[in-house]
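What follows is a short report on a single structure.
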Amino acid sequence: MARGEQTERGARGDGELVDRLVHINRVAKVVKGGRRFGFSALVVVGDQKGRVGFGHGKAREVPEAIRKATESAKRAMVRFPLREGRTLHHDCAGHHGAGRVVLRAAEAGTGVIAGGPMRAVFDCLGVQDIVTKSVGSSNPYNMIRATFDALGRQMSPRMVANRRSKKVTEVIGRRRGDATDAN
């Protein structure tokens, strides 16, 4: 498989989890008799309902590396809050190493505007409308970790209300466009 190739491996019986192969890397170790090749795989797993995780696996054969990465991703799944089950609650940024990402909430019908590894994360997460930008490193490992860092900063109105000991309606306030706007 080519570097950076993404494939959808489909839904599994584990509560309808979807896994995406993001990256495969071939490494060589030089030994007395020549070279020994190994493979590392980066996989993203999600339920398309707000839970997603990523995993890294290494082995001598590609299928074994993918299996290890998938199991690692299933163990590392995290739930993130989504607005209306389709986009983020607010814009945010994240970084890991030299990889930086900016995530912006989008209106319905926008679609997933994301490149490479970030698209795999949002497809598995269940996000339908989002605009993203990757700045700095294009290393898939750093991009995915930066994306998870940004998603970890997401706060729903319910989370903010609990933190401030208020009601959700007090936190949200009036929406834009209300007829009762007072100066």
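The values are calculated or read from the model by the stated rules, or taken from the named source; none is laboratory data. The model shown is predicted, which means the values in this text are computed figures rather than measured ones. Here Cβ is always computed from backbone atoms with ideal geometry, including for glycine, and neighbour counts include all displayed protein chains.
Miscellaneous remarks
- A count restricted to region 110-130 and to residues that are touching a Leu at 6+ places or on another chain (Cβ under 8 Å) and surrounded by fewer than 19 Cβ atoms within 10 Å (Cβ to Cβ) stands at 1.
- Test: residue in region 36-43 that is touching a residue at least 60 places away in the same chain (Cβ under 8 Å), within 25 Å of residue 127 (Cβ to Cβ) and either part of a strand (DSSP E or B) or out of contact with any strand residue (DSSP E or B) (no Cβ under 7 Å at 6 or more places or on another chain) (or both): yes
- Filtering region 73-94 for residues that are touching a residue at least 12 places away in the same chain (Cβ under 8 Å), surrounded by 15 or more Cβ atoms within 10 Å (Cβ to Cβ) and in contact with a Phe, Trp or Tyr (Cβ under 8 Å, 6 or more places away or on another chain) leaves a non-empty set.
- Under the condition of being surrounded by fewer than 18 Cβ atoms within 10 Å (Cβ to Cβ) and either more than 13 Å from the chain's Cα centre (by Cα) or at pLDDT below 90 (or both), the residues counted in region 96-109 number 6.
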